[in-house]
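Here the structure comes first, spelled out in C-alpha cells, and everything after it is commentary.
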Amino acid sequence: MFTGLIREIAEVDSFINRKLKLKSKHKAKIGDSIAINGVCLTVVEITVSGFIVEVADETKNIVDDSKFFGKVHIEPAMKMGDRFEGHIVQGHIDCTGEVIKIEKLQNGYNYYIKVPKEQIKYIVPKGSIAVDGVSLTVNSVYKDSFRLTIIPHTIENTLIKEYKIGSKVNIETDLFARYIEHILNHKSSNTGMSWSDIDKINMSY
C-alpha cells in the first residue's frame with residue numbers, strides 16, 4: 001500500500017525485456033514493492049546506482065511506454081507503523097489519461113485530464129485520485145474528463161511541472177468508489193451477500 005506522496009524523482013537508466021533499471025538514492029532491497037509513476041513493481045535486483053524492477057505484460061498493456069523513460073516518481077510501500085498521509089493508493093493503474101488543458105491561476109494551475117468514459121464513475125468531486133502516483137484532490141468531474149487544481153509546492157516537487165497538452169499520465173481511481181460499486185453490483189444480482197462474501201471482496205483489493 002502507498003500514500004501517493006512522492007519520496008524521490010529517480011531516473012530510468014534502461015528498460016529492456018521488461019526489466020526497468022533505475023538510478024535512485026533510495027536503498028531498496030530485493031522483494032521490496034516500489035511505486036514507479038504510480039505503478040506497484042517489485043525489486044528484483046540491486047545495482048551500484050539504484051535497483052531494477054520487473055514490469056508484467058498486463059502492466060505494459062495498460063501503461064503508456066513513456067511512463068518508463070526519463071525521470072519518474074518513486075514511492076516505497078508503507079511499512080507497518082508509518083505515519084499515514086495522502087490517501088490509500090494500491091499502485092494498480094486503472095487507465096492512461098491525457099492532459100487536454102492547462103490553465104495558469106494566481107496561485108497554481110488547473111489541469112484537465114481526459115480518461116476513458118467507463119472510468120468517470122470512479123472519479124468523485126472532492127475525492128482522491130492518483131496521477132502518476134501523486135495523491136491529488138479532484139475539483140470537478142465532466143463527461144470524460146476531470147479538473148485538478150495544483151498548488152505551487154506540488155508543481156515544484158513533482159514531474160507535474162513538465163506536463164504539456166497531450167502528456168500521458170497513469171490514473172488510479174479511488175479505491176472506495178471501486179469497492180462500493182463491486183458490492184452494489186453483487187447486491188443487485190439478488191443472490192444476497194454474507195459477511196464472508198464481503199470479506200472475500202475486501203481481500204481482493
Residue by residue through the range 104-123, note down the ones that are surrounded by 12 or more Cβ atoms within 10 Å (Cβ to Cβ) and part of a strand (DSSP E or B).
G108, Y109, N110, Y111, Y112, I113, K114
Filter pass, E98 being among the acidic types (D, E), in contact (Cβ under 8 Å) with a residue 12 or more places away in the chain and assigned to a strand (DSSP E or B)
yes
With respect to T191, is the statement that it is at pLDDT below 80, polar (S, T, N, Q) and either within 22 Å of T96 (Cα to Cα) or not in a helix (DSSP H, G or I) (or both) true?
yes
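Could you tell me whether the range 124-134 includes any residue that is surrounded by 16 or more Cβ atoms within 10 Å (Cβ to Cβ), of a type in the set (S, T, Y) and modelled with pLDDT of 95 or more?
Kept after step one, since they are surrounded by 16 or more Cβ atoms within 10 Å (Cβ to Cβ), are these residues of the range 124-134: 124, 127-134.
Adding the requirement that they be of a type in the set (S, T, Y) leaves 128.
After this cut, where a residue has to be modelled with pLDDT of 95 or more as well, the list is none.
There is no residue in the range 124-134 that is surrounded by 16 or more Cβ atoms within 10 Å (Cβ to Cβ), of a type in the set (S, T, Y) and modelled with pLDDT of 95 or more.
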Please go through the range 34-51 and pick out each residue that is closer than 21 Å to V63 by Cα and assigned to a strand (DSSP E or B).
I34, A35, I36, V39, C40, L41, T42, V43, V44, F51
Here are the criteria: (1) touching a Phe, Trp or Tyr at 6+ places or on another chain (Cβ under 9 Å); (2) assigned to a strand (DSSP E or B); (3) of a type in the set (D, E, K, R). Tell me which single one K60 does not satisfy.
(2)
Could you check the range 1-35 and list, in sequence order, the residues that are touching a residue at least 24 places away in the same chain (Cβ under 8 Å) and in contact with a Lys or Arg (Cβ under 8 Å, 6 or more places away or on another chain)?
E8, I9, A10, E11, V12, D13, F15, R18, H26
Inside the range 135-159, the number of residues satisfying the requirement of being buried (at least 16 other Cβ atoms within 10 Å of the Cβ) and among the small types (G, A, S) is 2
The range 24-41: number of residues that are surrounded by 15 or more Cβ atoms within 10 Å (Cβ to Cβ) and of a type outside the set (A, V, I, L, M, F, W, C):
6
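Identify the residue in the range 1-33 that is of a type in the set (A, V, I, L, M, F, W, C) and either in a loop (DSSP other than H, G, I, E, B) or touching a His at 6+ places or on another chain (Cβ under 6 Å) (or both) and, among all such residues, is farthest from V44 (Cα to Cα).
Among residues in the range 1-33 that are of a type in the set (A, V, I, L, M, F, W, C) and either in a loop (DSSP other than H, G, I, E, B) or touching a His at 6+ places or on another chain (Cβ under 6 Å) (or both), the one farthest from V44 (Cα to Cα) is L5.
The values are calculated or read from the model by the stated rules, or taken from the named source; none is laboratory data. Small disclaimer: the values here were computed from a predicted structure and weren't measured. Virtual Cβ from ideal backbone geometry, glycine too; neighbours counted across all protein chains shown.
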